[in-house]
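See below for the structure under consideration.
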Amino acid sequence: MGKPTFLIWASFLLPSQSRASVSIYEGKETLAVTVNQPAHHLTQVCVFIFQLAAHLPPRTQGYPWHLVYSTNNHGSSLKTLYRNMADLDSPVLLVIKDIHKKVFGAFCSDPFRVSKYCYGTGETFLFSFNPDFQQYRWSGENSYFVSGNWESLQIGGGGGGFALWLDADLYHGASFSCPTFHNAPLSTHEDFIVQDVEVWTVQN
C-alpha cells in the first residue's frame, strides 16, 4: 500500500457515542480502508470519504489531514475558528452537519481569516451529500471565493446570496445558489440550524 491519500476522524458522520479513524490508501488498482470500528457503523462514512477524496486537488494527496477546529472540541465560536487557523498556510476542508443530518461543506484553497476582501483560488469548491456526493466547482464567473469578518463567514456570492454563510456563533447558517459556483443550495433548507462544524487541514 502507498501513502494515505485521506485521513479523517469522521465524528461528523457518526453517532455521538461512536468515533472512528479512517485511512484510505491508494494502491495500483484499488483503494483499501483501515478502520477501528465495526463495519456496520462505518459503511456510510467510508463511502463518503471515498467520494470526497477523489475530488481533492493533487497537492493534498499523500498527506494526512489534521482536525484544527470542531464545535464538539472547541465550542461554537467563529472567533475560535479563526484563531485556530491563524498560523496555517494550507488548504482547509469545512464540513457541516445541520439538524436534519444533512452533510455539506467546502474545500477552500486558503485557511479562513478575517479579511476586508475576498480571498482564495479556483481550487475552492462546494460539496454536499444528498444523499449522493455532489460537487460544485468554480464557474469562472466571479472570484468571490471566501470572505470573513467577526460576524460571519461567507463562501461564494455575487447573486444576492452566499453559497454558504455561517454566523458568529456557528449556529445559524444559510445556503443559496450563487454565480461563483452555480450551485444548488447545499442544506436541507436555505436557512438552517447547525449541529456540528469541523475544519480540517492537510499536513505536508
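The values are calculated or read from the model by the stated rules, or taken from the named source; none is laboratory data. Not measured: the values here are computed from a predicted model. FYI the Cβ positions are ideal-geometry reconstructions off the backbone, even for glycines, and counts take in every protein chain you see. Note: accessible area is taken over every heavy atom of the protein model, side chains too, but ligands, DNA and RNA are not part of it. Shrake-Rupley method; radii C 1.70, N 1.55, O 1.52, S 1.80 Å.
Key figures
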{"quantity": "Options 63, 25; residue that is among the aromatic types (Phe, Trp, Tyr), in a loop (DSSP other than H, G, I, E, B) and modelled with pLDDT under 80", "calculated": "63"}
{"quantity": "Qualifying positions in the range 110-128 - hydrophobic (A, V, I, L, M, F, W, C) and either farther than 13 Å from residue 142 by Cβ or in contact (Cβ under 8 Å) with a residue 40 or more places away in the chain (or both)", "calculated": "112, 114, 125, 126, 127"}
{"quantity": "Listing of strands (runs of 3 or more DSSP E) fully contained in the range 131-204 that carry 2 or more residues being open to solvent by less than 10 Å² (accessible area, probe 1.4 Å) and touching a residue at least 24 places away in the same chain (Cβ under 8 Å)", "calculated": "146-148, 152-155, 164-167, 191-202"}
{"quantity": "Close pairs (7 angstrom Cβ cut-off, 6 or more residues apart or separate chains): free of Cβ contacts under 8 Å to residues at least 40 places away in the same chain in the range 53-77, of a type in the set (S, T, N, Q) and crowded, with 17+ Cβ neighbours inside 10 Å anywhere", "calculated": "74/84"}
{"quantity": "Residues of the range 120-130 satisfying the condition of being closer than 26 Å to residue 76 by Cβ and either over 17 Å from the mean Cα position of the chain (by Cα) or not in a strand (DSSP E or B) (or both)", "calculated": "120, 124, 130"}
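Here is a yes/no grid of residues against (1) open to solvent by 10 Å² or more (accessible area, probe 1.4 Å); (2) touching a helix residue (DSSP H, G or I) at 6+ places or on another chain (Cβ under 9 Å):
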{"position": "77", "(1), (2)": "yes, yes"}
{"position": "81", "(1), (2)": "no, yes"}
{"position": "85", "(1), (2)": "no, no"}
{"position": "91", "(1), (2)": "no, yes"}
{"position": "104", "(1), (2)": "no, no"}
